[in-house]
Amino acid sequence: MSTTETVLLIVLAGLVVLILANIAFQVAAERNNPPIGVFTDCDGVRLHYIERGDAAAPCVVLFHGNGTMVQDLVLSGLVDRLAHNYRVVCFDRPGFGYSHRPRTRIWTATRQAALFAKALDQLGVRNPVVLGHSWGTLVAIALALRSGYAVSGLVLVSGYYFPTARTDFWLMSAPALPVLGDLMRYTISPIISCAIMPKLMRTLFAPRAIPPEFKNEFPISLALRPKQLRAAAEESAFLIPAAAQLRLQYRSIRCPVRIVHGKADRLIEADQSRRLHALLPRSLLHLVEDAGHMVTYADAAGIADAVVALAPTAPVRTA
C-alpha cells in the first residue's frame, strides 16, 4: 500500500468515526432533552409547539430566532408572563427543536409564514398578536402580510429588516451546501460550533452577562445536532435575501406594530429598527438601554407590555 493510499485510508477512517460520533451525540441529545410540547402535522410537516394559558383567551403567537427553539422564549420568561392572561402558542420553527424541515422546500420567511398560517388555522387561532425575535421577526412580518390570515398586531424584537454587507452571515451558511455541507455537519461543524458557542453566547447577551437560567437550562446539545445546524446555516444564507424581498412590502403592513431593540446589540445594529420605525406610521419604537440582542431577557416585562397594548381585551385573573 502506498503512502497516499495509507493517508486516504486514515482520513476515511477518521471521517467514519466522526460521523458515527455525531450520530450518537444527536441520539443522546434527544434522549436527554425530550420534547416539552406537542405535535401537529400540517402540509406534510410535523411541527412541535407548546401551548400555555387560557384556551378561551385572545392568542399570542411567538416565533424564536435562528439557532434556538421554544425553550429560549420559555426561559426568557415571556411565555409565563403572557400565559397569565392570554393563550400563548410558541412553535419550533422548521428544522429547530423538534420540528421537521423537509429538504424538498426552500424555507424562506414567506414559506414559513404560509405553513404557520395553516397550522394556526388548524389550532383555531384567530387574529393573534404575533411576536418574533431576531430571524423570527421576518416570519412574523410575512405572516402579517398574508392576505388570507389576519393578525391583531406585531411585536418585532431584535430584527434584521434591511440588507447590509454581512460576510459573517454568508460564512455561517457553509453547512447548508449540498453534499459538502452534509459532510461538514456530520464531521467538523458540531465541533467548531461547540468551540465558538461560549463566545457567541457572550456576544448575544452582551453587554449583560448570560442569565443563569439560560446558561443552566437551555439545551445547547439540541442546537448542536447536525440536522439543526443545517437549518441554522440555511437561515444564515436566507437572511439578507429575505430582508431584501420583504423590505418592498413593509409599507403594506396594516396592523399596529411595536418594535423593540437593545441599544447595545452586537449582532444586529439597532439602526435596523430605527429605519423600520421610520417606514411604518403606525409603529412605536422602544430602544432598551444596556441591552443586547437577547433583549427578551433584559426587558421581558417591557416586551410583554408591548404585546398587551396590541392584544384584544383579555380576562384578568385574580388568583
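Just a few scattered comments:
- In nm, spacing of pseudo-spin labels at residue 248 and residue 309 (7 Å Cα→C-beta vector): 3.2 nm
- For the stretch 20-26, Karplus couplings with θ = phi - 60° (6.51, -1.76, 1.60), whole Hz, Gly/Pro x: 5, 5, 6, 5, 4, 4, 5
- Out-of-range pairs (alpha-carbon distance over 32 Å; input 215/263; 118/215; 118/227): 118/215
- Computed from Cα atoms alone, the Kirkwood hydrodynamic radius reported for the stretch 13-163 is 16.2 Å.
- In plain terms, the C-alpha convex hull of the stretch 272-313 casts an average shadow of 3.5 nm² when viewed from every direction.
- The three principal axes of the C-alpha atoms in the stretch 1-98 carry coordinate ranges of 72, 30, 22 Å, sorted with the longest axis first.
- Between amide H atoms placed 1.01 Å from N, distances below 5 Å from residue 286 occur with 259, 260, 261, all of them 5 or more places distant or on a separate chain.
- Length added when fully stretched, residue 217-residue 106, from 0.36 nm per residue minus Cα-Cα: 36.8 nm
- Relative contact order, percent, the stretch 66-219 [alpha-carbon distance under 8 Å, six or more residues apart]: 19 percent
- The chain: angle of helix 226-246 to the longest principal axis, Cα-based, in degrees nearest 10: 50 degrees
- Ellipsoid semi-axes in whole angstrom, largest first, where each is sqrt(5λ) of the Cα gyration tensor of the chain: 35, 21, 19
- Additional length obtainable on full extension of the chain from residue 182 to residue 168, 0.36 nm per residue less Cα span: 3.0 nm
- Beta-bridge orientation, the stretch 1-153: approximately 45 percent antiparallel, per DSSP, counting only bridges with both partners inside.
- Accessible area per residue in Å² at 1.4 Å probe, computed on the chain: 44 Å²
- Across the stretch 13-19, rounded Karplus estimates of 3J(HN,Hα) from the backbone phi angles (6.51 cos²θ - 1.76 cosθ + 1.60, θ = phi - 60°) give 4, x, 5, 4, 4, 5, 4 Hz, Gly and Pro being marked x.
- Value of D in µm² per second that Stokes-Einstein yields for the stretch 114-200, Kirkwood Rh from Cα pairs, at 20 °C (1.002 mPa s): 136 µm²/s
- Proximal charge balance of residue 182 [Cβ under 11 Å; K/R count +1, D/E count -1]: +4
- Of the GluC sites (Glu not before Pro) in the stretch 227-269, those whose Cβ has at most 16 other Cβ within 10 Å and which sit in DSSP loop: 269
- Contact order normalised by residue count of the chain, Cα under 8 Å, 6+ apart, percent: 22 percent
- Every Cα-Cα pair in the stretch 200-298 was counted, and those over 16 Å apart are 67% of them.
- Computed in the context of the full set of protein chains, the accessible area of the stretch 35-182 at 1.4 Å probe radius has 54% of its extent on carbon or sulfur.
The values are calculated or read from the model by the stated rules, or taken from the named source; none is laboratory data. Worth saying up front: this structure is predicted, and the values here are computed from it rather than measured. Glycine gets a Cβ as well: all are built from the backbone with ideal geometry, and neighbour counts include every protein chain shown. We work out accessible area using only protein heavy atoms, side chains counted, and drop any ligands, DNA or RNA first. Shrake-Rupley method; radii C 1.70, N 1.55, O 1.52, S 1.80 Å.
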